Each structure stands twice: as C-alpha cells, then as structure tokens.
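Worksheet for the structure shown next.
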Amino acid sequence: MKCLSPLRHLAVLALVGSLGACALLPEGETLRIFLLPGEARTAPQGVAAPLDLTLQIATPNASRALSSARIAVVPQPNQLSSYRGARWSDAAPQLLRDRLIEAFLQDGRLPSVVNEDANLYADLGLFSDLRAFQSEYVDGVPQVVIQLQARLVSRHDQRTFSSRRFEVRQPSADSSVESVVETFGRASDALSRELIDWTIAQARQRDAD
C-alpha cells in the first residue's frame, strides 16, 4: 500500500475539513433582537403614603424551554416552537423580572425594589414560577399567554404569607413577529398592574395583622 507523504496527507485532511465545514454551516440568517415593549406609567394619584418596605424580586423559575432568549410559540396544541430569526434581548425570566421592577418603581407605592443580585436587606421577597410566556394560536389567531405563580415571602423568617396564580391573555393584531412582540409588551404590562395591586394589598394587610 502506497503511503501519502506528510505534506500530501495534510492537504487531504484540509480538503476534507473544508468540505465538512461547507456541509455543516448553512448560510447565516439575519437574527433580529427584540426588546420587551412597555408603556410609560405615572404613579397613581390620591393614594396612601408609600410603604416603607424594601421588596426583592427574584428572577422567576422557568422550564428549560422558557429560560432561553427564544420567542416561544405554540402553533398547535402540545407543540412548542419558536419564531425563526427572532430573539429576545435577554432570557424571558430576566425580561419579566426587569419589567416588574420597573413597573413597581414607576407605580411609586413601594418605591424600594431590588433584584436578587443586590446585596441589600429586603423586608419582602417576591418569588415566582413562570409557567407560560408564549404566543398560542387559537382559531388561527395568535394570542400571548403569560402565566405566573407568585408567592410573597417575609425575609425575616423566610415564610410565605401569600401566594396567587396570575394569567394574562392578549390577542395579537396579526401573526407577524412585530405584532406578537408588541402584544407581549401589553400582556406584561397587564400582568405587572395585577401583580403590583396584589403585592401592595398583601403587604398592607401583613403590616396591619
């Protein structure tokens, strides 16, 4: 058997490697990165004085499928996919956490709000499980679904004193990614309003007991 010279052997390996690379690497597609839209809010008028408490909002727990930056879609029952060529600017749980913090700060009734990375004492902790953060097709029309199981914890004794399941559904104007992303923003704002009102009410009741 005739052996190849070292130089010819390297050349053959290089050729095989280049052919493999062409087969494995498709042409790059344009990847669009989307921020989570949000509405500007002003603090409610004529309400009681702000609570003198610090709230720590932890990043929601989520399944592996929802913990990525992919924009999730359920095109038909029991089939989870994602929009091709589109991504969130961060993983969905972090996006929602930051939206909630911003919403609390804009609301003003509980002005001291931090995330779990802040090395600060907090009176209350908001922990949650993100069960859904996706668009779902219903009768051929996409609607955004956000489900969050939330619980409020007293950081003094680490006990849960209130919990609630939130679910928001918002129909999209059309099936384009841009429209769906805008709908995610509206749904996140609606969830934030419900969660803030519930948190404030529970915190006031806790202080009154």
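Listing for the model above:
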read-out	value
So Ser89, is it at pLDDT 95 or above, among the hydroxyl-bearing types (Ser, Thr, Tyr), within 12 Å of the chain's Cα centre (by Cα) and surrounded by fewer than 20 Cβ atoms within 10 Å (Cβ to Cβ)	yes
Unmet requirement for Glu136, which otherwise passes all of (1) in contact with a helix residue (DSSP H, G or I) (Cβ under 7 Å, 6 or more places away or on another chain); (2) open to solvent by less than 60 Å² (accessible area, probe 1.4 Å)	(1)
Residue within segment 34-47 that is at pLDDT 95 or above and surrounded by fewer than 14 Cβ atoms within 10 Å (Cβ to Cβ) present	yes
Residue within segment 110-133 that is in contact with a His (Cβ under 9 Å, 6 or more places away or on another chain), touching a residue at least 24 places away in the same chain (Cβ under 8 Å) and among the acidic types (Asp, Glu) present	yes
Qualifying position, being in a helix (DSSP H, G or I), within 28 Å of Ser82 (Cα to Cα) and charged (D, E, K, R), among Glu167, Glu178	Glu178
Enumeration of residues in segment 173-209 that are open to solvent by less than 40 Å² (accessible area, probe 1.4 Å), under 17 Å from the mean Cα position of the chain (by Cα) and either under 28 Å from Gly140 (Cα atoms) or at pLDDT below 95 (or both)	Val177, Val180, Val181, Thr183, Phe184, Gly185, Ala187, Ser188, Asp189, Ala190, Leu191, Ser192
Close pairs (6 angstrom Cβ cut-off, 6 or more residues apart or separate chains): in a helix (DSSP H, G or I) in segment 192-204, acidic (Asp, Glu) anywhere	Ile196/Asp107
Qualifying residue in segment 140-148 (condition: at pLDDT below 95 and either closer than 30 Å to Arg84 by Cβ or assigned to a strand (DSSP E or B) (or both))	yes
Identity of the residue in segment 77-86, on the phi < 0 side of the Ramachandran plot and free of Cβ contacts under 8 Å to residues at least 24 places away in the same chain, that ends up most open to solvent (accessible area, probe 1.4 Å)	Pro77
Matching residues in segment 104-127 - criterion: being among the small types (Gly, Ala, Ser) and open to solvent by 10 Å² or more (accessible area, probe 1.4 Å)	Gly108, Ser112, Ala118
Test: Arg131 is within 17 Å of Asp197 (Cβ to Cβ), under 16 Å from the mean Cα position of the chain (by Cα), among the charged types (D, E, K, R) and open to solvent by 10 Å² or more (accessible area, probe 1.4 Å)	no
Per-region count, segment 66-76, residues open to solvent by 30 Å² or more (accessible area, probe 1.4 Å) and under 19 Å from Asp174 (Cα atoms)	2
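The values are calculated or read from the model by the stated rules, or taken from the named source; none is laboratory data. Note that the structure is a prediction, hence the values are computed from the model and not measured. In this analysis, Cβ positions are derived from the backbone assuming ideal geometry, glycine residues included, and neighbour counts consider all displayed protein chains. Just the protein is used for accessible areas: all its heavy atoms, side chains included, with ligands, DNA and RNA removed. Shrake-Rupley method; radii C 1.70, N 1.55, O 1.52, S 1.80 Å.
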